[in-house]
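The values are calculated or read from the model by the stated rules, or taken from the named source; none is laboratory data. Remember, predicted model here, so these are calculated numbers, not experimental data. Here the Cβ positions follow ideal geometry from the backbone for every residue, glycine too, while neighbour counts run over all protein chains shown.
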C-alpha cells in the first residue's frame, strides 16, 4: 500500500479541538487513509460508514446525549461518506462543542455536497484537507525513483488512481469503470443537474481540448444551453475534483488574453477514458497537451500536500506568445514551458521575461521533470 503524504499531516492535527474534514473524489483512497490512521488507536476508535442506512439514521438529527451513547469510551470517531447524512453539519458541530475529548474525522466524496452543509455550522471548528489521486511524489517515495520513471508513460495514460496503480493488469478495465460508475455518481445526484447527458457531453468536450483556451460562449452554443448553465456545470465538476481551472495572467500588456481560461483534469487516466484513447505516447497527436496536463496536475497535488500559498496562471497574447504555466509566490513569478521531448527546441517568451522578470524560467521535459515536481 502506498502511504499517503496527507497521513502524517492529518495525524499532527489530531486532538487539537477541531473536526477534521477530508474531501476527495470517489476511489481516491479516503477510506484507506482513515483506516490507516485508525490502526494507531486499536480498540479506542469507531468507524461509521454512512453508506449503511442504520448508521445514517443514528447520526441524522442526533442529540449530544445520543452521540455520547453511540461512541462510548472511544477517542477517535471516523465518519466515512459523511455527506450521506442529512444535516451532518449540525451533528459535527455537536461533536465539536459537546464532546470535545473525542476526535472526529469525516470524509466526503464531493465538496459541493459536504461543504455547503458544514461551512456555517463548523466555522472555526474544522481543519480541511483534500485527497487527490496518488501523486508522483508519493509513488516515488513508495517504489523509488527508477521504477517511477520507468512507469511514467503508463501513469500518463492510465492515471494515478490507487486501484489503477495496484492492479496494473486490469488498468484499462478499471479506469473505464471508475469513469463510468463513479465519476458521475455524485454529480448526477446533485439537484441542479436536470439533463445529465449535457454534463457528460461537456466533460467529453473539455477532455478533447485540454491545453486550449476555453470559451464558455462556444461551449454553450455547442451544447445548446446558456452560458450560465455551462459556468454552473464547470463549477460542479471542479468541486467534484474532476477538473480544475487555470486563469490567464494579465497585468501590463494590451495584447494579453484576459478573459479565457484553460481547464485540466486532476487525473489524465480519467481524461483518456472519456475520449477512449489509451494509445502509447508515440502514437498520439495529443502527446504535448497530455504531458502538460499531467505535469500541471502533479504540481497541483504537490502544492496541495505542501499547503503552498500559490497562485497559478497561464499567459498568452494575441500574437500567440505564451507561457504554459506560471506560479506566483509572495509576489514572485515562476514561468514554465512543457515539452515531452528534450530534443524539441522551446524557449520562454522574451516579451514575458522582459516585462515581468520572473524569478525562475524552466523548460520542463521528460529528462528534468523530477526537478519541477521536486521528486528527488
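Worth pointing out:
- Only helices (runs of 4 or more DSSP H) whose full extent lies in the stretch 122-167 are considered here, and the ones with at least 2 residues that are farther than 20 Å from residue 369 by Cα and in contact (Cβ under 8 Å) with a residue 24 or more places away in the chain are 162-166.
- Odd one out for residue 199 among (1) touching a residue at least 40 places away in the same chain (Cβ under 8 Å); (2) part of a helix (DSSP H, G or I); (3) surrounded by 15 or more Cβ atoms within 10 Å (Cβ to Cβ); (4) not assigned by TED's automatic domain parsing to the domain that holds residue 61: (1)
- The listed residue being crowded, with 18+ Cβ neighbours inside 10 Å, more than 19 Å from residue 213 (Cβ to Cβ) and either in contact (Cβ under 8 Å) with a residue 12 or more places away in the chain or assigned by TED's automatic domain parsing to the domain that holds residue 252 (or both), out of 352, 372, 314: 372
- Under the condition of being farther than 13 Å from residue 262 by Cα and in contact (Cβ under 8 Å) with a residue 24 or more places away in the chain, the residues counted in the stretch 206-228 number 2.
For every residue, the table says whether it meets (1) surrounded by fewer than 18 Cβ atoms within 10 Å (Cβ to Cβ); (2) modelled with pLDDT of 95 or more; (3) more than 21 Å from the chain's Cα centre (by Cα).
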{"site": "279", "(1), (2), (3)": "yes, yes, yes"}
{"site": "328", "(1), (2), (3)": "yes, yes, no"}
{"site": "331", "(1), (2), (3)": "yes, no, yes"}
{"site": "340", "(1), (2), (3)": "no, no, yes"}
{"site": "345", "(1), (2), (3)": "yes, no, yes"}
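- Of the numbered criteria (1) in contact (Cβ under 8 Å) with a residue 24 or more places away in the chain; (2) within 21 Å of residue 127 (Cα to Cα), the one residue 12 fails is (1).
- Some residue of the stretch 90-106 being closer than 26 Å to residue 161 by Cβ and in contact with a strand residue (DSSP E or B) (Cβ under 7 Å, 6 or more places away or on another chain): yes
- For residue 252, the test of being in the same structural domain as residue 298 (by TED's automatic domain parsing), modelled with pLDDT under 95, assigned to a strand (DSSP E or B) and surrounded by fewer than 20 Cβ atoms within 10 Å (Cβ to Cβ) is failed.
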